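Bear in mind these aren't lab numbers, they're just calculated from the coordinates by the rules spelled out. Keep in mind that this is a model prediction, so the values were computed, not measured. For neighbour counting, all protein chains shown are included, and Cβ atoms are generated from backbone atoms with ideal geometry for every residue, glycine included.
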Amino acid sequence: MANILVADDDEQYPVMLAKILRSNHHHVVIAVDGQQALNFCKSQTFDLIITDILMPNFDGIDLIVNLIEYNSKVPIIAISGGRNTITAEFNLQSAHALGVQAALKKPFTNEKLFETVGRLLSH
C-alpha cells in the first residue's frame, strides 16, 4: 500500500482516480490545486504524486518546480487533457523537461494508470 497525493482542480476526476487507486489498496489524499498539494507535502510523506498540469492559481508546473527546489525524491506523474489553446502534449512535454518520471494524457485507461503507478512505486 502506498500513500499517494492526487492534485487536480476538477471536481470529479480526482475522486474517480482515488477510487481506482484505493481499489488497489492505496491510501489517497486529494488536493484541489498545486498550493494545497505543496502544503500536504510539507506535512505528510507521500510515495507518489499525481498532478494535473492546468489548474488555477498554483498549477502543476508550479508544484513540480517547488518539489524539485525542495529536493523531493518523490516520483511524480503529470496528467493533462489540455485546453483550447494549450495541448496536452505540450503540457506533458513541459513536465518531462522539468523531470517528472511519467506523464499520462487524459483520458487514460485504468490499466495504463496501474502500470505507471506500479512501475514508479517499484523503483
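For ALA2 and LYS73, compute 0.36 nm times the residue count separating them, minus their Cα-Cα distance, and round to one decimal in nm. Working shown, then result.
Working: separation 71, 0.36 × 71 = 25.56 nm, distance 1.49 nm.
Answer, rounded to one decimal: 24.1 nm.
Which peptide among 62-70, 17-25 comes first, and what is the full order, when sorted by highest mean count of other Cβ atoms within 10 Å?
On the way: 62-70: 17.1, 17-25: 14.7.
Descending packing order for the listed peptides: 62-70, 17-25.
Tell me the mean residue ellipticity at 222 nm calculated for the chain from its helices only (DSSP H runs of n ≥ 4, each -39500 (n - 2.57), averaged over every residue, nearest 500).
On the way: 5 runs with 53 residues, N = 123.
Mean residue ellipticity, 222 nm, calculated: -13000 deg cm²/dmol.
What label, among (i) 37, 31, 27; (ii) 63, 23, 19; (iii) 69, 50, 18, belongs to Cα extents along the principal axes in Å computed from the structure on display?
(i)
Evaluate the relative contact order of region 3-117 (contact order divided by residue number), counting alpha-carbon pairs under 8 angstrom at least 6 apart; express in whole percent. If you can, show how the numbers build up before the last one.
Working: 188 pairs, mean separation 25.7, N = 115.
Once divided by the residue count of region 3-117, the mean separation gives 22 percent.
What are the lysines whose alpha-carbon lies under 20 Å from the alpha-carbon of LYS19, with same-chain residues fewer than 8 places away excluded?
Straight-line reach from LYS19, under 20 Å: LYS105, LYS106, LYS112.
Just going by the charge dipole of the chain, with Lys and Arg at +1 and Asp and Glu at -1 on Cβ, which of LEU54, HIS25, PHE90 is farthest out on the positive end?
Checking the options against the dipole of the chain, the answer is HIS25.
Starting from 0.36 nm per residue, how many nanometres of slack lie between ASP10 and VAL65 once their C-alpha separation is accounted for? Intermediate values should be presented prior to the final figure.
On the way: separation 55, 0.36 × 55 = 19.80 nm, distance 2.14 nm.
Extending this stretch completely gives an extra 17.7 nm.
Which one, ASN110, LEU63, SER80, projects farthest toward the positive side of the charge dipole computed for the chain from Cβ point charges (K/R +1, D/E -1)?
About the Cα centre, the residue reaching furthest to the positive side is ASN110.
Let's see if you can work this out: charge +1 on each Lys and Arg Cβ, -1 on each Asp and Glu Cβ, no other charges. What is the dipole magnitude of the chain about its Cα centre, in debye to the nearest 20? Mind dumping the intermediate values first?
Values: 9 positive and 13 negative charges, 66 e Å.
It works out to roughly 320 debye.
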